[in-house]
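The values are calculated or read from the model by the stated rules, or taken from the named source; none is laboratory data. Worth saying up front: this structure is predicted, and the values here are computed from it rather than measured. Cβ placement follows ideal geometry from the backbone for every residue including glycine, while neighbour counts extend to all protein chains displayed. Heads up: the accessible areas ignore ligands, DNA and RNA and are worked out on the full protein's heavy atoms, side chains in. Shrake-Rupley method; radii C 1.70, N 1.55, O 1.52, S 1.80 Å.
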Amino acid sequence: MMKFPIEDAAKLAEASYSAHRITSPKVVHSCGHQDVQAHVLEGDILLLPGSNSVRDYLRYNLRPLRFGQQQFRMSDDKTEKGHSGTTWHQGFLAYSVVVFEWLKTLNIRPKYVIGHSLGAAATQILSKSYGAPGIGFAAPRPKFAKGPVKHHEKCLLINRVDDVVPKLPGTFNHMGRVRELAPTQQRPFPAHSMKHYREIVEVGQDKALLPKHWAGGA
């Protein structure tokens with residue numbers, strides 16, 4: 001099982017919005033779907049950007065996204081069962097299926113998944129699908145049922161208490177081990193950006209609230 005430094009995961013999640021600047025590990029594949037951002041890095045690390053501000057998150061999640069012949073809104077509360085039988089938020093699941101099918105064309109099974117915002121919603125679903133360790137920053141709630149599911153322990157979710165996105169959608173639940181961290185200075189709307197999540201990682205590790213590395217619960 002791959003072990004990854006959480007601080008490095010936060011740096012990659014921030015850099016994912018300008019993936020051409022990532023030098024190590026190198027980006028080897030990028031998804032070309034107009035409504036899905038995803039990158040595969042050396043070592044079969046899956047990197048999933050999302051929305052780097054609350055305003056972008058809300059704007060993105062309120063507009064219709066087209067996956068195949070269907071349109072979805074991430075703000076809807078519709079559900080759908082995944083291949084494993086877990087019931088997910090339909091929009092987040094559809095987003096994740098696009099990434100899953102893209103990886104299938106590359107014959108890649110990720111060894112690690114890292115995501116931010118919408119990418120952190122997909123991180124939860126894909127971490128479960130592949131049984132791979134995952135880290136999600138500013139993670140929305142994609143799982144309908146309460147309680148743990150298979151591979152629940154493999155995904156670490158790092159959320160700021162002053163960020164509204166991890167509280168959405170309100171009728172859904174997280175999939176993974178959630179760490180809600182309080183910053184030294186609250187930043188209600190800017191709090192969602194990866195810049196400020198890098199700060200909270202440092203705070204959490206200084207206070208021994210976060211480990212230095214994550215290997216899926218090991």
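Comparing GLY91, GLY131, GLY170 in a Gaussian network model of the chain, where Cα atoms under 10 Å apart are tied by springs, the biggest mean-square fluctuation is seen for GLY170.
In plain terms, if you count all Cα to Cα distances in the stretch 90-218 and split them into 10 Å steps from zero, the share in each step is 14, 45, 33, 8, 0 percent.
Less than 5 angstrom separates the built amide H of GLY134 from those of VAL113, CYS155, LEU156, GLY216, all sequence-distant by 5 or more or on a different chain. With a simple spin-label model that places each label point 7 Å from the Cα along the Cα-to-Cβ direction, the separation between LYS11 and GLU42 comes to 1.4 nm.
How many percent of DSSP beta bridges within the chain run antiparallel, rounded to 5? Don't skip to the answer; put the middle values down first.
Numbers: 16 of 33 bridges.
Taking every DSSP beta bridge with both residues in the chain, the antiparallel ones total about 50 percent.
Note on Rg/Rh (Cα atoms, Kirkwood Rh): of the candidates (i) 0.98; (ii) 0.93; (iii) 1.20, the value calculated from this structure sits at (ii). Using a probe of 1.4 angstrom and keeping all protein chains present, the accessible surface of the stretch 140-218 works out to 50 square angstrom per residue. Projecting label points 7 angstrom from Cα along Cα→Cβ for THR87 and LYS3 puts them 3.9 nm apart. If R0 is 30 Å, the Cβ-Cβ spacing of ASN173 and ASP206 corresponds to a FRET efficiency of close to 0.55.
Suppose the chain between ALA19 and GLU153 were pulled fully straight at 0.36 nm per residue; how much longer would it get relative to their current alpha carbon spacing? If you can, show how the numbers build up before the last one.
On the way: separation 134, 0.36 × 134 = 48.24 nm, distance 2.84 nm.
Full extension of this stretch gives 45.4 nm more.
When the chain is treated as a GNM with alpha-carbon contacts under 10 Å, the residue of SER193, SER129, SER24 showing the greatest mean-square fluctuation is SER24. Between ARG160 and ALA138, LEU181, the built amide H atoms are under 5 Å apart, and every one of these is 5 or more places off in sequence or on another chain.
Which entries in the list LYS3/LYS78; LYS167/LYS212; LYS81/LYS154; LYS26/LYS143 go over 28 Å, if you measure between the two C-alpha atoms of each?
Numbers: LYS3/LYS78 35 Å; LYS167/LYS212 25 Å; LYS81/LYS154 20 Å; LYS26/LYS143 32 Å.
Pairs exceeding 28 Å: LYS3/LYS78; LYS26/LYS143.
When the accessible area of the stretch 102-191 is computed with all protein chains present and a 1.4 Å probe, what percentage of it is carbon and sulfur? List each step's numbers first, then the result.
Numbers: 1870 of 3470 Å².
Here carbon and sulfur together make up 54 percent of the probe-accessible area.
Take the Cα of ALA182, step 7 Å along the line toward its Cβ, and report every residue of the stretch 141-166 whose backbone nitrogen sits under 14 Å from that point. Under cut-off, by backbone N: 160-163.
Of the DSSP H helices in the chain, those with a Cα length along their own long axis of 15 Å or more and a mean Kyte-Doolittle hydropathy reaching 0.0 comprise 90-106, 118-130. So what's the projected area for the stretch 1-43, the Cα convex hull averaged over all directions, in nm²? If you wrap the Cα atoms of the stretch 1-43 in a convex hull and average its projections, you get 3.5 nm².
As a test of the formula, what do you get for the chain when each DSSP H run with n ≥ 4 contributes -39,500 (n - 2.57) and the sum is divided by the residue count, at 222 nm and rounded to the nearest 500 deg cm²/dmol?
Details: 5 runs with 62 residues, N = 218.
Calculated at 222 nm, the ellipticity per residue is -9000 deg cm²/dmol.
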